[in-house]
Structure formats: C-alpha cells, structure tokens
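Just so it is clear, none of the values below were taken in a lab; they were calculated from the coordinates. Computed from a prediction, not measured in an experiment: that's the story for all the values here. Cβ: placed from backbone, ideal geometry, glycine included. Neighbour counts: every protein chain shown.
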C-alpha cells in the first residue's frame, strides 16, 4: 500500500535542477561565482556581488547556525501540524564569502522553546518523493 505525500513539494526548475540532484545524493550544493568567489544558495542568473554569469555548483559542508527563526502556531495547510519552526541558517561557508550565505528550512527533533539564535545545526535530508529530497536541519550535539 502506498500513501500519497500531502505536504507542499518544491518545483524543480532548470536553474535549480542541479541543486535538487545534489539533494537526492544527500549533498548540499551552493553556487560559487568563478569571478569573485561569492557564494549563494539561491540560483540567481548572475552573481549579486559582481554580476558575473560564470558560476558553478559546489558542495557545502552542511553545517551552520541559526541566524533567525519563527514558530508557527496556526494551521495554514492541513498537512502541517503546528507548532513547527521555520529557520534561516547561516552556513559555515559564510566565512569565505563577501555575501551572506543563508538557507531556510526547519529544524527537526527540537522543541520550539529549545531553538535559539546561534544554535549549531547540520543538514539532514527528508526523502519526500522519488524526485525530491528536502534539506532540513538538526541540532548538533
């Protein structure tokens, strides 16, 4: 018996296809500008630091710390049971980039009151569908 996945699933677009392929391999990929070295998590057409169109996907460490977070207490979709968190994680690669290197997601296996700014986290991957493995975060012990 198969069950249908009820949560919202990201769309795979041409600009993000390589990112999602990395997630299927349980690798977190980010873009690196070949001209200035700026790193970014979102697949902009050009580098937001220098404007170069020459970028490549590189493997990230998958480690970071919570930069910001919120707790959702209301239901906006029946597949999401509150309370749950939404976090912005500053990746360890921030040290190597002239731009912020941040990524959104959820921290799993943590009570809302345990979250805090600066909490160390590492990436985990939730196998959603045959096409999508979603990067999320877990606290580092």
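Overview of values
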item: Every residue from the stretch 77-91 that is touching a residue at least 60 places away in the same chain (Cβ under 8 Å) and either assigned to a strand (DSSP E or B) or crowded, with 16+ Cβ neighbours inside 10 Å (or both); result: 91
item: Every pair of residues 6+ apart whose Cβ atoms lie under 9 Å, when the first sits in the stretch 111-127 and is at negative phi and in contact (Cβ under 8 Å) with a residue 40 or more places away in the chain while the second is exposed (fewer than 15 other Cβ atoms within 10 Å of the Cβ) and not in a loop (DSSP other than H, G, I, E, B); result: 112/71; 112/84; 115/71; 117/68; 121/138; 122/138; 123/138; 125/24
item: Among (1) touching a strand residue (DSSP E or B) at 6+ places or on another chain (Cβ under 9 Å); (2) under 22 Å from residue 14 (Cβ atoms), the one test that residue 131 misses; result: (1)
item: Pick from the stretch 34-76, criterion within 20 Å of residue 135 (Cβ to Cβ) and part of a loop (DSSP other than H, G, I, E, B), ranking: farthest from the chain's Cα centre (by Cα); result: 44
item: Given (1) surrounded by 16 or more Cβ atoms within 10 Å (Cβ to Cβ); (2) touching a helix residue (DSSP H, G or I) at 6+ places or on another chain (Cβ under 6 Å), index of the condition residue 43 fails; result: (2)
